[in-house]
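Worksheet: one structure, shown below.
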């Protein structure tokens, strides 16, 4: 009986914030509004680390993410939003590094100046955000477990979407927003997380669970009945954007979800999770659905997507936040802020080189004359792939494949060679921008 009561209490707490919808966010959108989309920010509150030995280890395993200047880059993002006035900022998950409650709280404070100028933040969680057992505080050579973000916390810190929603899902953190007479936005919580604090690592995979599928179809029917166009935002991917690395990234029930999207004429889906910039039409050719994955804000060049809605066109462009300009305007003297573009690129390039070194060292390759050129090649191609600048000409591809570094890569690491080959031949669609004319 105690266990049953505890379960009911937890479920009540899970959706308590969903009942507190009385204070609606007053916002009206026009037919030509521009929205900004950012994803996989992986923010860790500065109060949670002292940059000591343990946190240095975390940074080395962060896959090229910048964890040192996150307040600055987000502040620059907010400053740019205050100048350019997008209709809203959309965050498609992995807002925090590992679901630290304090990180979510401090991140919300960074975005708080936008409320005064009527720019809502429409957020959904990622697999690292809710009840993440890896939530830690780092001091010197120690780490300690700290409070994790709960579903109610998420709604508390990022309430705008839930206040604006014309409907919310009782089984998840999904919700739907009426944008204008032409479009509805549907925000899907695709994550698999516990119903209470966890000691386990976050679950990478995701799905739209059964109850949420029912809710989703009801919302899509409503949009169709109102002769409007649905646009979907979620963390996990609908399509396989990389045939080598997709398990845990693509929805486990992708075929069911895709069929539902096609039935109700969803023209475009926006997601994150893989950290790489990629725009893809349905690779199976079964539908006309386009999926846009915006690259992680935490890596490479602080990118975000600009989404413009017109009556008969949906326009997406990849953009960047210029932290260097913000640093000069705010009289920052730190050279990694003054030359932030170089700092960011070097950080990601070094991580790519580390990946190549690791793969080759595992094959007992020790010759620096082999290791170094291969590492540089992998890092360069990897950087271009993640930033969506992988539109190589046939001559460029031939030159790379004729190089000694490529031959050594093929000889010592077939996996990296396959990864490189795919990165060189991503010819589905341009990854920097797209124009879609939806059916209504």
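The values are calculated or read from the model by the stated rules, or taken from the named source; none is laboratory data. Note that the structure is predicted; figures quoted are calculated from it, not measured. So basically every Cβ, Gly included, is an ideal-geometry build from the backbone, and we count neighbours across all protein chains shown.
Return yes when residue 78 is surrounded by fewer than 23 Cβ atoms within 10 Å (Cβ to Cβ), closer than 30 Å to residue 309 by Cβ and out of contact with any strand residue (DSSP E or B) (no Cβ under 6 Å at 6 or more places or on another chain) and no when it is not.
Values: surrounded by fewer than 23 Cβ atoms within 10 Å (Cβ to Cβ): yes; closer than 30 Å to residue 309 by Cβ: yes; out of contact with any strand residue (DSSP E or B) (no Cβ under 6 Å at 6 or more places or on another chain): yes.
It is true that residue 78 is surrounded by fewer than 23 Cβ atoms within 10 Å (Cβ to Cβ), closer than 30 Å to residue 309 by Cβ and out of contact with any strand residue (DSSP E or B) (no Cβ under 6 Å at 6 or more places or on another chain).
How many of the residues making up region 358-386 are surrounded by fewer than 17 Cβ atoms within 10 Å (Cβ to Cβ) and over 27 Å from the mean Cα position of the chain (by Cα)?
The number of residues fulfilling the criteria is 9.
Looking at residue 426 and the list (1) more than 25 Å from residue 282 (Cα to Cα); (2) touching a strand residue (DSSP E or B) at 6+ places or on another chain (Cβ under 8 Å), which single condition is not satisfied?
Only one criterion is unmet by residue 426, namely (1).
Being touching a strand residue (DSSP E or B) at 6+ places or on another chain (Cβ under 6 Å) and either assigned to a loop (DSSP other than H, G, I, E, B) or surrounded by fewer than 23 Cβ atoms within 10 Å (Cβ to Cβ) (or both) is the filter here; which residues of region 150-167 pass it?
Result: 158, 160, 164, 165, 166, 167.
Taking the condition assigned by TED's automatic domain parsing to the domain that holds residue 374, buried (at least 22 other Cβ atoms within 10 Å of the Cβ) and on the phi < 0 side of the Ramachandran plot, does residue 355 pass?
The answer is no for residue 355.
Can you name every residue in region 35-57 that is closer than 26 Å to residue 387 by Cα and surrounded by 18 or more Cβ atoms within 10 Å (Cβ to Cβ)?
Within region 35-57, 35, 36, 37, 38, 39, 40, 41, 42, 43, 44, 45 meet the criteria.
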